[in-house]
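A.B. asks: Structure provided below as structure tokens; questions to follow.
The values are calculated or read from the model by the stated rules, or taken from the named source; none is laboratory data. Every value quoted in this text rests on a predicted model; they were computed, and no experiment measured them. Neighbour counts run over all protein chains shown; Cβ positions are idealised from the backbone, glycine included. When the accessible area is computed, the model is the full protein with side chains, heavy atoms only, and any ligands, DNA or RNA have been set aside. Shrake-Rupley method; radii C 1.70, N 1.55, O 1.52, S 1.80 Å.
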Amino acid sequence: MTRVADVAALLNGADVCGVGDAAVRHVLLAVDACATTVAEAERLGAGMLVTLGGTVTAHLGYRLGAAGIASCVVPPSGGDECSEAVAARLGLVDARPLLPRDEALDTVVAFVPKPDVEYVIDALAEAGAGAIGDYARCVWTAEGVGSFVPLDGARPVIGAVGEVEAVAETRVEMVLPRARRAEVAAALRAAHPYEE
């Protein structure tokens, strides 16, 4: 059985707070000790919270101690220490990140003539829009009327240059990961019937 002192020995120079002969079955590795990482250590039933540099405040140290969780602060090592390196030094198996941080999302909004709505939605979904958890092609729509006047030089799909046009359209909204913004915008331009 691994003990607090065993983990501390693997991290020579680390500042350890906790009972040396206490058993450690689970180690939570984090960048720093904050309320979120302490709460996660409690939730997981971790025997030790190992952080990369920084300090453990008295309040969080007390909270860890009350939960029977040892804390260990790994001193910086020239800036090349990272979670993966510390995990390797500890010989951790099945190491994985906590729940991934919520990815930044954008919302794409387009006004689409009714006959083209499903085609545009499919194109956006194929490019990466509309994925929410275990669901794909998530979309919100609303019906309305779009109005515009094509100016000189325009090549309108609907209507005529210089004349007011009103078209039954559907407002299409889908979320997308910010990293897919370019692909989704390109798919919208390719699938949408309007020139602008």
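A.B. asks: Using the Kirkwood radius built from alpha carbon pairs, what does the Stokes-Einstein equation give as D for the stretch 108-196 at 25 °C and 0.890 mPa s, in µm² per second?
C.D. replies: 178
A.B. asks: With loop defined by DSSP as not H, G, I, E or B, and exposure as at most 16 other Cβ atoms within 10 Å, which is the longest segment of the chain clear of exposed trypsin sites (Lys or Arg not before Pro)?
C.D. replies: For trypsin sites (Lys or Arg not before Pro) (loop position, at most 16 other Cβ atoms within 10 Å), the longest site-free span of the chain is 26-100.
A.B. asks: On each of the three principal axes of the Cα atoms of the chain, give max minus min coordinate, whole Å, ordered largest first.
C.D. replies: The principal-axis extents, from largest down, are 83, 32, 29 Å.
A.B. asks: Taking θ as phi - 60°, what are the ³J(HN,Hα) couplings along the stretch 179-196 by the Karplus curve (6.51, -1.76, 1.60), each to the nearest whole Hz, with x for Gly and Pro?
C.D. replies: 5, 9, 4, 5, 5, 5, 4, 5, 5, 5, 4, 6, 8, 6, x, 6, 7, 10
A.B. asks: Apply the Karplus parameterisation 6.51 cos²θ - 1.76 cosθ + 1.60, with θ equal to phi minus 60°, to every residue of the stretch 36-44 and state each ³J(HN,Hα) to the nearest whole Hz, in sequence, with x for glycine and proline.
C.D. replies: 5, 5, 5, 4, 5, 4, 5, 4, 7
A.B. asks: Next up: Along each of its three principal axes, how wide is the spread of alpha-carbon positions in the stretch 4-73, in whole angstrom units, largest first?
C.D. replies: Ordered largest first, the stretch 4-73 gives principal extents of 26, 22, 18 Å.
A.B. asks: OK, next. Once the piece of chain linking V145 and V175 is laid out straight, how much longer is it, given 0.36 nm per residue of separation minus the C-alpha distance between them?
C.D. replies: 8.5 nm
A.B. asks: Relative to the Cα centre, what is the charge dipole magnitude of the chain, using +1 at the beta carbon of each Lys and Arg, -1 at the beta carbon of each Asp and Glu, and rounding to the nearest 20 debye?
C.D. replies: Its charge dipole is roughly 760 debye.
A.B. asks: I would also like to ask the following. Please give, to one decimal in nm, the separation of the simple spin-label points placed at L10 and A88, each 7 Å out from Cα toward the Cβ.
C.D. replies: With each label placed 7 Å out from Cα toward Cβ, I get 1.4 nm.
A.B. asks: Taking all protein chains in place and a 1.4 Å probe, what share, in percent, of the accessible surface of the stretch 4-73 do carbon and sulfur account for?
C.D. replies: Heavy-atom surface of the stretch 4-73 belonging to carbon and sulfur, 1.4 Å probe: 56 percent.
A.B. asks: Over the stretch 99-166, with every protein chain in place, what whole percent of the accessible area is carbon and sulfur at 1.4 Å, could you tell me?
C.D. replies: Carbon-and-sulfur percentage of accessible area, whole number: 55.
A.B. asks: In sequence order, what are the phi-derived ³J(HN,Hα) couplings for the stretch 53-66 according to the Karplus relation 6.51 cos²θ - 1.76 cosθ + 1.60 with θ = phi - 60°, rounded to whole Hz, with x for glycine and proline?
C.D. replies: Running phi through 6.51 cos²θ - 1.76 cosθ + 1.60 with θ = phi - 60° gives x, x, 9, 9, 5, 4, 4, 5, x, 5, 4, 4, x, 5 Hz.
A.B. asks: Based on the mean of other Cβ atoms within 10 Å per residue, sort peptides 105-114, 122-131 so the most packed one is first.
C.D. replies: Highest to lowest by the protection proxy: 122-131, 105-114.
A.B. asks: So, in nm, how far is label H59 from label V19 when the simple model puts each one 7 Å beyond its Cα toward the Cβ?
C.D. replies: Going by the 7 Å Cα→Cβ label model, 2.7 nm.
A.B. asks: Using the crude model of +1 on Lys and Arg Cβ and -1 on Asp and Glu Cβ, and no other charge, please compute the dipole size for the stretch 105-191 relative to its Cα centre, in debye to 20.
C.D. replies: It comes to approximately 260 debye.
A.B. asks: Top to bottom by accessible area (1.4 Å), largest first, where do Y119, Y62 land?
C.D. replies: Y62, Y119
A.B. asks: Largest first and to the nearest Å, give the Cα extent of the stretch 1-40 along each principal axis.
C.D. replies: 27, 21, 14
A.B. asks: Note down the accessible area of C17, probe 1.4 Å, to the nearest 10 Å².
C.D. replies: Looks like 90 Å² after rounding.
A.B. asks: Follow-up. Let me have the 222 nm mean residue ellipticity of the chain computed from DSSP H runs of 4+ only, each contributing -39500 (n - 2.57), with the sum over all residues rounded to the nearest 500.
C.D. replies: So the calculated ellipticity at 222 nm is -8000 deg cm²/dmol.
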